[in-house]
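In what follows, a structure is listed as structure tokens, so that the remarks can point back to it.
Coordinate-derived values only; no laboratory data. All values reported here derive from a predicted model rather than from experimental measurement. When we count neighbours, we look across all protein chains shown, and the Cβ atoms used for this are built from the backbone with ideal geometry, even at glycine.
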Amino acid sequence: MKIRWGITTLVAALLLATTAQAGTTITGAGATFPHPVYGKWAHSYHKQSGVKLNYQAIGSGGGVKQIKARTVDFGASDAPLTAPQLKKAGLIQFPMVMGGVVPVIHIKGIATGQLRLDGPTLADIYLGKITRWNDARISSQNPDLTLPDKDISVVHRADGSGTSWIFTNYLSKVSDAWKNGVGNAKSVSWPVGIGGKGNAGVAAFVSKLNGSIGYVEYAYALQNKMNAVRLKNRDGHYVAPTSASFQAAAAGADWAASPSYNVVLTHQPGAESWPITGASFILMHKKQRRPEQALAVLMFFDWAYKNGAQSALQLDYVPMPDSVATLVRATWANQLSSTKGAAIWPGQ
């Protein structure tokens, strides 16, 4: 139901806004995928406003559990909840930033961007069907490389993870064997491999283990100077993970078509599109027991929409377009309220 703004409601909301000042701490938990950019935004916002963000990157599964339990002000998930799931939990969700999930390798003598893989080959590596780096299916895509006769050490996430959701969503689109045998979820029964906790855990395993392959959010690949794979996209082009290829994949997203913002960006068309692109989402309760705290959260994310694009691009994320931010603010105004029914967002 839409909340109509009268003078009394607007004044009340503006009074609540005065509580979002120095000394306030807002809490969130969930996805590791956007953790680097959230940290950057939090640092800049604290310097400007005095408001602190305590964000725990525990994985999307943990973030969903914590927001449902109301132990944090907001949850974060890279796997969008469906409209029925949101309704059942009394939540709204909105997208904050987009980026890429990147297969990374550690093979002595192979530099970043040199190894090429298509989706079905990547899926069969994670299915345990391709076990050696000099397998004919890999060699045929890399005629200029001398690949070692060495076992492939597969690394995956050990925790419930939106990064895994994006990765397995892609594998399900390019491999029927993966779709029918393993599926798409934040946590799956991995056929082979070892698990690392968080993007940082996967990055650590791959960095140390010669002959390994894993998948991480791109910022972690950059920070750890990891060797990224070129992937064959839907249009048949091998592309490198870059902010430009993430933007190409995100260009066709129709956010207005889904009131719950349930938009998936994997395996998108386009000659330059990175095939494992995804968005990260914020989850909040529709009915807020502490409206002043909820407003502080909204003010932070509103600031991030308005001021965070440059920081996001510097970390190779894709900021949300202004048109999407406008849609999200309307969602805040229409769907978030205190338990007494008073609107929270003053429509700034």
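May I ask you to evaluate 6.51 cos²θ - 1.76 cosθ + 1.60, the Karplus curve with θ = phi - 60°, for each residue of region 176-190 and list the ³J(HN,Hα) values in order in whole Hz, giving x for glycine and proline?
Along region 176-190, the couplings run 5, 4, 5, 4, 7, x, 10, x, 10, 6, 5, 9, 10, 8, 5 Hz.
Applying the Karplus parametrisation 6.51 cos²θ - 1.76 cosθ + 1.60 with θ = phi - 60° to the phi angles of region 249-261, what ³J(HN,Hα) value in whole Hz is obtained for each residue in order, glycine and proline being reported as x?
Per residue, the Karplus-derived 3J(HN,Hα) values read 5, 7, 4, x, 5, 9, 5, 5, 6, 10, x, 9, 6 Hz.
For region 101-252, what's the relative contact order in percent, using C-alpha pairs closer than 8 Å and at least 6 residues apart?
After rounding, I find 36 percent.
Give me the percent relative contact order of region 122-203, please, defined on Cα pairs under 8 angstrom at least 6 residues apart.
Here the relative contact order equals 35 percent.
Using only the alpha carbons of region 135-273, what is the convex hull's orientation-averaged projected area in square nanometres?
9.5
Can you spot the lysines whose alpha carbon is less than 20 Å from Lys179's alpha carbon? Ignore those fewer than 8 places along the same chain.
The reachable lysines, counting only those whose Cα sits under 20 Å from Lys179, are Lys129, Lys232.
Under 5 Å between amide H atoms, partner at least 5 residues away or on a different chain: which partners does Val216 have, H built in plane at 1.01 Å?
Result for Val216 returns Val102, Val104.
What are the extents of the Cα atoms of the chain along their three principal axes, listed from largest to smallest and rounded to whole Å?
72, 38, 34
Given a 10 angstrom Cα cut-off, can you work out which residue in Thr277, Thr32, Thr131 is the most mobile in a GNM of the chain?
Comparing Thr277, Thr32, Thr131 in the GNM, the peak value goes to Thr131.
Fewest first, what order do Val229, Val64 take by the number of other Cβ atoms within 10 Å?
Ordered from fewest to most neighbouring Cβ atoms within 10 Å, Val229, Val64 come out as Val229, Val64.
Starting at the first residue of region 146-151, write each ³J(HN,Hα) from the Karplus equation 6.51 cos²θ - 1.76 cosθ + 1.60 with θ = phi - 60°, in whole Hz, x for Gly and Pro.
Each residue's phi maps through the Karplus curve to give 9, 8, x, 7, 9, 4 Hz.
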